[in-house]
Structure formats: structure tokens, C-alpha cells
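Reviewing the structure listed below.
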Amino acid sequence: MKASGPGGFAAVPFRLFRFFRRPLSTEAADAELAARLRLREGRFLDVARRMFFREGSPYRRLLDRAGCEFADLEAIVNREGVETALERIAAEGVRISLDEYEGRRPIERPGLAFAVTPRDFENPSLPAFDLRVSGSSSGSAGPPKRFRYTLPLLAETAVNERLLLEAHGLVGVPRAHWYPTLPSLAGIGNLLSTARAGDPPRRWFSHFDPDSPSGSAALGLAVTLVIATARLAGRRLPRPQATSLADAPRVADWLRRSRDRHGRAALWTYASSAVRVARAAQEAGWDLSDCAIFTGGEPLTPTRARYIERTKARVFGRFVITETGAVAGGCPVPRRPGEMHLYRDRIAVICAGSSEVLPSPILLTTISTVAPMAFLNVDLGDSAVIGSAACGCRLGGAGLATTLGEVRNDRKFTAEGSTVAFRDLEAIVSRIVEEADGAPDQFQLWTREDASGLVRFGISLAPGLYDRIAPDLPNRIRADIAGLPGGETSARLWAQGSTISVIRGEARYSSRFKLTSPDVDEDSP
Ligand SMILES: [Zn+2]
């Protein structure tokens with residue numbers, strides 16, 4: 001991951017200065033959201049004309065094949081709305097599977113076949129000169145994918161973040177972020193977006209040490225430059241402070257003390273990091289009442305939610321996808337744990353197939369000219385329960401009437417906020433076993449969620465093989481993960497979290513990914 005090209009970087013300070021000079025008020029955010037929703041159909045059609053129907057776009061070829069011209073799409077959108085139009089064209093094959101998006105499979109429809117790479121789905125209209133933090137998503141294989149977070153994107157999502165904070169009564173309440181600094185995009189992206197929203201965090205705990213010798217000097221400089229520019233513009237932003245997973249007690253202590261001093265406090269972090277904070281609080285006998293914890297990067301499962309709420313903190317979901325930016329924010333009065341309001345001002349979501357089985361696979365479409373990727377009915381492997389019941393909270397009242405619940409991704413393994421596709425994990429372990437002259441029936445992969453909601457990726461090895469490769473296996477797997485595009489973040493977080501475990505045992509199951517279901521894994525150690 002690189003901070004940016006030299007040309008882009010030279011243009012940064014002035015644009016960044018302006019970005020910080022004009023933070024949002026709630027009134028401005030309300031007005032902007034209302035305008036986006038009022039103009040939603042027109043904005044979607046604008047994106048469709050400029051991106052989806054663009055000559056050379058893979059969507060254009062699918063739309064042509066479906067016999068859908070721009071005027072046809074426009075007519076359906078104006079008559080029946082964006083989602084109905086998306087459902088119609090999805091039924092005609094205008095949709096992209098995860099394998100197609102990742103370039104693992106060509107796009108093949110009756111009468112049409114062509115190869116694609118992830119770059120074909122990039123937003124073609126991103127500004128050439130801007131602050132750009134570019135890099136890969138965490139741990140995906142296939143050709144490297146570059147994502148560019150630009151200031152216009154962060155300004156766009158700042159509207160949603162401001163209203164999320166407002167809906168929870170958290171504007172001005174001390175808040176900490178616990179996200180890794182660069183090369184992960186999570187820390188810098190959330191810092192900039194909430195600074196623009198007029199309410200930056202007071203503290204930035206980083207899973208990575210920003211001053212560690214293994215960190216890149218250029219990346220450290222980029223963060224320093226951002227913070228110094230904010231200072232010039234009169235905004236005080238926290239510097240990242242090295243806080244490994246083992247330092248969770250420090251984060252819990254900050255929450256407790258801030259709450260004691262100010263009446264309330266908040267934390268934004270990954271779901272499993274939040275679990276570690278909750279565990280630290282319980283072990284210390286601290287109660288985290290009047291603390292609000294927002295989790296993302298991983299599903300807020302009922303197990304995790306219950307565990308975190310044992311501290312009397314309240315916990316809510318945030319759904320952010322690197323490819324699109326913020327997708328949804330937690331409802332302050334959720335009917336189920338983790339229920340969120342879709343940011344339908346900038347994203348459209350439809351069911352990918354039968355809606356009989358819940359949660360159902362979803363297709364994502366960007367209604368944004370500044371999202372890193374231009375998505376039209378793209379399946380990233382996520383499933384959710386899409387709801388539309390009227391909600392009396394401030395987000396629902398502002399017109400964000402669509403809710404997403406039980407968001408999860410069955411195609412990828414996620415731990416400590418970092419994701420690797422199951423098939424890549426299987427390929428890595430298979431290769432190591434093969435190199436050790438092991439046979440496919442001598443190992444078994446499994447995943448397991450403990451009582452607090454932390455997950456492990458495990459490998460059972462037959463006894464002979466266990467003796468040969470077990471001691472070094474987690475290190476070798478992490479080294480291979482680090483070699484995947486963007487995999488460095490996963491490898492480092494999973495080392496901190498002891499996410500990979502190896503046990504002695506016979507392979508008992510066989511399945512598509514040679515993986516046991518987490519639900520039937522009760523008798524694993
Ligand atoms: Zn709500």
C-alpha cells in the first residue's frame with residue numbers, strides 16, 4: 001500500500017486545509033442528506049450515465065446484452081424507483097458475482113463472454129489530484145485491487161457520520177477510535193471523516209505502532225502531515241498511539257474515566273476489539289454504563305452483543321466497505337442487535353435472489369460519484385435482512401427508511417476486523433501440507449466462536465503430520481497471508497490475536513472449503 005503518487009501528494013496541503021476549515025454542522029448535514037434523498041433518482045441516473053453506460057465499462061456490455069438502453073433505465077427509475085430498476089436488470093444478468101468482481105472468473109452470460117479485472121470496476125471519475133490513500137482491501141487474492149480514499153469521498157460520508165453521532169446524542173461526547181494506522185485505511189479514514197463531520201475523536205488507539213521500525217517512514221509522514229495540517233486549520237486531531245490487542249485494558253480504562261468525567265463516552269472499533277475491551281472491563285470489575293460502543297469490520301453477532309452489554313455499555317453496528325465507504329449506521333433503538341439504517345442516499349441494496357431464506361445475499365450499487373469503486377448490482381458475498389419498517393429514530397426520521405440486520409459474509413473469514421477469503425486460507429494450508437508430503441485427508445480446517453464472540457481459524461492435523469509441521473504452522477500461514485494483496489494487515493492483527501490455532505486430530509468432515517461449520521464445532525478443543 002502506498003500513501004499516494006508524488007503528484008497527488010504535492011496537491012494535498014491546501015486541499016486538506018480547506019477540508020478541515022469547513023466542518024459540518026448538524027443543520028448542514030441534515031440539509032445535505034435531505035437534498036441527496038430528494039434527488040436520489042436523478043443522482044442514480046447521473047451515475048448510470050457517467051459510469052455504468054460508459055463505453056468500455058463491463059456494465060455497459062451487460063446492459064447492451066440485456067437490451068437496456070439509458071432511456072429504458074431512466075423510464076423504469078422514474079416510474080418505479082431505483083430498486084425496482086435494479087431488480088429488473090439483475091434478473092436480466094446485469095449483476096456481478098464475487099468471483100467475477102475479483103477477476104477469478106470471466107463474465108459469462110448466454111451470448112456474451114469477456115474477462116475482467118477488479119480495475120474494470122474502479123470509479124473512472126475520481127479526481128487525479130487529491131489526497132489519496134490507495135491500497136488493497138484486506139487479504140483478497142486475485143489481481144491487486146487499489147482503492148483510493150479521496151477528500152470528496154470522506155466529505156460525502158461525513159454527512160452520514162455526523163447524523164449517526166447526532167442520532168445517538170454523541171456529538172461533543174468524548175470518543176476514542178481503536179483502529180490500525182496505515183497501511184490499513186480504517187484508522188485514517190475514520191479520523192478524517194469524523195473530523196470533517198465536526199466531531200473528531202479525542203484519542204486514536206492504533207493496533208499498529210506508528211513508530212515501529214517495521215512501519216514505513218512515508219506512511220508515518222503522511223499521518224503526521226494530516227495532523228499538522230488540521231492543526232493549522234484550527235482542528236486538534238489525536239496522534240495514533242500504539243495499542244495492541246493485549247492493551248485492551250487501557251482502552252477500557254479510557255472509556256471509564258472519560259465517562260466519569262463527562263457523563264458519557266464512546267468508542268469506535270472492530271467488533272472483536274470491542275469484545276476485548278469488554279473482557280478487560282469485566283476482569284477489572286468496571287462497569288461501562290453510559291458508554292456507547294460502535295463496532296464494524298465484523299458482524300455484531302448476538303453472542304458479541306450480549307458479551308459486550310454485560311459491562312452495561314450499549315453496542316451498535318456500523319457497516320463500512322472499503323470499496324464504497326460507509327454503508328449503514330446503527331439504529332439507536334434497534335429491534336434486534338446490530339440493526340442499522342442503510343445510507344440509501346449513497347448506496348442501494350437489493351436481494352440477490354430468493355428472499356425466502358434470511359439473511360439473504362445482497363447486491364450493492366453505488367449512488368455516488370466519489371466512491372472508490374463504481375458498483376452496479378455487485379455481490380461481495382454479504383448477506384443481510386433488508387427491512388423497511390418505519391423507525392422512529394432520528395435516522396429513520398431523516399428518510400433513511402431501509403434497515404439492514406444480521407449482516408454477515410459467509411465467503412470470507414473475518415477475525416480482529418480483518419478478512420481473508422476461505423478459499424485462500426484453504427489454498428495456503430493445502431500447499432503447506434503438500435510440501436510436507438501430507439495428504440488432503442490428513443488435515444481439516446475449522447472456525448470457532450468462543451463464548452465472548454472472538455473467532456479462531458483452526459487446523460486439525462493427523463498425528464504424523466502434526467509432529468512434522470504443527471509448531472511453525474501459524475507463522476507460515478501468516479507469512480503467506482501477508483503475501484496476499486493487502487494481507488499484511490490481517491497477518492499482523494491475527495498474530496496479535498492468536499487467531500490461528502493448530503490441534504492434533506483426524507479430519508472428520510469434508511465440504512466445499514474443507515471447512516466445518518462453526519455451529520457443529522462444539523467438540524473441537
Ligand atoms: Zn432507527
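Read-outs: derived from the displayed coordinates by stated rules, not from any lab. These figures come from a predicted structure and were not determined experimentally. We place every Cβ from the backbone using ideal geometry, glycine too, and count neighbours over all the protein chains shown.
With a ≥ b ≥ c taken as the square roots of the eigenvalues of the C-alpha gyration tensor of segment 415-520, please select rounded if a/c is under 1.5 and otherwise prolate if a/b is larger than b/c or oblate if it is not? Provide the component values of the computation, followed by the final result.
On the way: a/c = 1.60, a/b = 1.22, b/c = 1.31.
Because a/c hits 1.5 or more and a/b fails to exceed b/c, segment 415-520 counts as oblate.
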Fill in: Cα centroid of segment 266-290 to Cα centroid of segment 16-83, whole Å
39
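What is the extension gain from Ala242 to Ala479, computed as 0.36 nm multiplied by their sequence separation minus the C-alpha to C-alpha distance, in nm to one decimal?
Additional length available on full extension: 83.1 nm.
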Response to the item:
Rounded to one decimal in nm, the spacing of the 7 Å Cα→Cβ label points at Arg54 and His262 is 4.1
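Provide the packing ranking of 389-395, 408-414, i.e. peptides ordered by the mean count of other C-beta atoms within 10 Å per residue, highest first. Provide the component values of the computation, followed by the final result.
Working: 389-395: 15.9, 408-414: 18.6.
Result, highest mean first: 408-414, 389-395.
Helix-only mean residue ellipticity at 222 nm, the chain, DSSP H runs n ≥ 4 weighted -39,500 (n - 2.57), per residue, nearest 500. What is it?
Values: 19 runs with 195 residues, N = 525.
For the chain, the value works out to -11000 deg cm²/dmol.
How many percent of DSSP beta bridges within the chain run antiparallel, rounded to 5?
In the chain, DSSP labels about 60 percent of beta bridges as antiparallel.
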Worksheet item: Say each of Asp72 and Lys312 gets a label point 7 Å from the Cα, pointing the same way as Cα to Cβ; how far apart are those two points in nm?
Response: 6.1
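Checking the a/c ratio against 1.5 first, then a/b against b/c, what shape does the Cα gyration tensor give for segment 6-121?
Here segment 6-121 falls in the oblate category.
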Worksheet item: How far apart, in nm, are the 7 Å Cα→Cβ label points at Arg504 and Glu426?
Response: 2.8
Response to the item:
Residues whose built amide H sits under 5 Å from the amide H of Ala266, excluding neighbours closer than 5 in sequence, are Arg175, Ala176, Ala292
Worksheet entry | Two-site FRET efficiency, Asp64 against Arg104, from Cβ-Cβ distance with R₀ of 25 Å, rounded to 0.05 | 0.60
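Rg to Rh ratio, segment 277-397, alpha-carbon atoms and Kirkwood radius?
On the way: Rg = 16.0 Å, Rh = 15.7 Å.
Looking at segment 277-397, the ratio lands at 1.02.
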Fill in: J(HN,Hα) series, segment 230-245, from Karplus relation 6.51 cos²θ - 1.76 cosθ + 1.60, nearest Hz, glycine and proline x
4, 4, 4, 8, x, 10, 9, 10, x, 7, x, 10, 4, 8, 6, 4
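From the Cα gyration tensor of segment 437-487, with a ≥ b ≥ c the square roots of its eigenvalues, which class applies: rounded if a/c is under 1.5, or else prolate if a/b is larger than b/c, or else oblate? Intermediate values should be presented prior to the final figure.
Numbers: a/c = 2.16, a/b = 1.19, b/c = 1.81.
Note, shape of segment 437-487 comes out oblate.
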Item to complete: Read phi for every residue in segment 468-485 and hand back ³J(HN,Hα) as whole Hz from Karplus 6.51 cos²θ - 1.76 cosθ + 1.60, θ = phi - 60°, with x for Gly and Pro.
Response: 7, 10, 4, x, 9, 4, x, 4, 5, 5, 5, 5, 5, 4, 4, x, 6, x
Worksheet, complete the sentence: Cα extents of the chain per principal axis, largest first, Å, are 65, 65, 48
